[in-house]
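Novice: Here you go, one structure.
The values are calculated or read from the model by the stated rules, or taken from the named source; none is laboratory data. Treat the numbers as computed from the prediction; the structure is a model and nothing was measured. Using ideal geometry, Cβ is built from the backbone for each residue, glycine included, and neighbour counts are taken over all protein chains shown.
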Amino acid sequence: MAKVMGIINVNRESFYQESRRLNAEDVEKTFFKMASEGASIIDIGACSTRPGSTPVTLEQEWEYLEEPLERLAEAVSERFCGGVEVPQISIDTFRSEIARRACDILGPVIVNDISAGEDDPEMLSTVGDLGLSYIAMHKRGTPDTMQTLTEYPDGVVAEVKRYFEVFAEKAEKYGIEDWILDPGFGFAKTLEQNYELLEGLDELQNLERPILAGVSRKSMIYKLLDITPEESLPATCVLNYVALQKGAAILRVHDVKEAVQTVRLFEKSLNLRG
């Protein structure tokens, strides 16, 4: 069954305002709410990747994360809470030092790196040395330059596939055995390329890695429909269903309950087809 990853942002500039949780108490409440709704993974991040957002230094990133992570470590010291299994915690960071500090507090975490190790030369060796699970995402450039880097001569699906074929060699080199493929919807891709990538998502399955789809409330939805991120939940559910049809194993979402319902409907349909 596909997994649902809930998003918690501890940065004031994340593009979807409702995902922001700016103190440790709110992070804890949201974490357990998402757990009760069926999240298997909860992704906590302190750096906004929205174009034009204010860069965050390493120490600022840790300042945002430290207290919420310490509070969660205490709250989830037991594996079960109220009969609900505690989700895995993922740290959305491109910095190896943040990953290491998070492990010091929480133990083994999943590292969700939008740069696939390109923004910090120590990241892949750190993940390998710590034996962590890792999410590698396809992007080109920084949040402020990505929008200009959109030419894929052989098509976006072929570009993403090549990218992860190369990354697989890096992962093996650094001893990263458990890694997840994120094709990077919305990163260095035009609106049309995002839909081309969604349609061709199944072509990435022969890389034999779990595929994470992160389309939740993104511009590929609200720009096409001329709506706001706040109005984008129904369309997000539609695209999540398509992603499941195309082989996605993890849905990264702002709205856990609705994503879990989407997975249940998909699984029911799949079972009826035999």
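Novice: Quick check on my filter: what residues within the stretch 107-129 are part of a helix (DSSP H, G or I) and either surrounded by fewer than 17 Cβ atoms within 10 Å (Cβ to Cβ) or at positive phi (or both)?
Specialist: Result: Ser125, Asp129.
Novice: To continue, here is another question. It is to be established whether one or more residues within the stretch 175-194 are in a helix (DSSP H, G or I), among the aromatic types (Phe, Trp, Tyr) and crowded, with 18+ Cβ neighbours inside 10 Å.
Specialist: Checked the stretch 175-194: no residue is in a helix (DSSP H, G or I), among the aromatic types (Phe, Trp, Tyr) and crowded, with 18+ Cβ neighbours inside 10 Å.
Novice: Taking the stated definitions as given, is Glu63 closer than 23 Å to Asp120 by Cβ, at pLDDT 85 or above and surrounded by fewer than 16 Cβ atoms within 10 Å (Cβ to Cβ)?
Specialist: Yes.
Novice: What about Glu37, is it surrounded by fewer than 20 Cβ atoms within 10 Å (Cβ to Cβ) and in contact (Cβ under 8 Å) with a residue 60 or more places away in the chain? Show your work before the answer.
Specialist: Details: surrounded by fewer than 20 Cβ atoms within 10 Å (Cβ to Cβ): yes; in contact (Cβ under 8 Å) with a residue 60 or more places away in the chain: yes.
Taking the combined requirement at face value, the residue satisfies it.
Novice: Then there's this: Name the residue that is farthest from Arg209 (Cα to Cα), counting only residues in the stretch 142-194 that are charged (D, E, K, R) and at pLDDT below 95.
Specialist: It comes out as Asp144.
Novice: Determine if the stretch 79-86 includes at least one residue that is at pLDDT 85 or above, farther than 25 Å from Leu207 by Cα and not charged (D, E, K, R).
Specialist: Pass one, the stretch 79-86, residues at pLDDT 85 or above: 86.
After this cut, where a residue has to be farther than 25 Å from Leu207 by Cα as well, the list is 86.
This time we only want the ones that are not charged (D, E, K, R), so: 86.
Checked against the condition, which is being at pLDDT 85 or above, farther than 25 Å from Leu207 by Cα and not charged (D, E, K, R), the stretch 79-86 yields at least one hit.
Novice: Among the candidates Leu212, Leu265, Leu204, Leu225, single out the residue that is surrounded by 20 or more Cβ atoms within 10 Å (Cβ to Cβ) and over 23 Å from Gly45 (Cβ atoms).
Specialist: Numbers: Leu212 fails: over 23 Å from Gly45 (Cβ atoms); Leu265 fails: surrounded by 20 or more Cβ atoms within 10 Å (Cβ to Cβ); Leu225 fails: surrounded by 20 or more Cβ atoms within 10 Å (Cβ to Cβ).
Residue meeting the stated conditions: Leu204.
Novice: Scan the stretch 225-242 residue by residue and report those that are in a helix (DSSP H, G or I), without any contact (Cβ under 8 Å) to a residue 12 or more places away in the chain and not aliphatic (A, V, I, L, M).
Specialist: Kept after step one, since they are in a helix (DSSP H, G or I), are these residues of the stretch 225-242: 225, 229-231, 233-242.
Okay, now just the ones that are also without any contact (Cβ under 8 Å) to a residue 12 or more places away in the chain, so 225, 231, 234, 238.
Residues satisfying the conditions are Glu231, Pro234.
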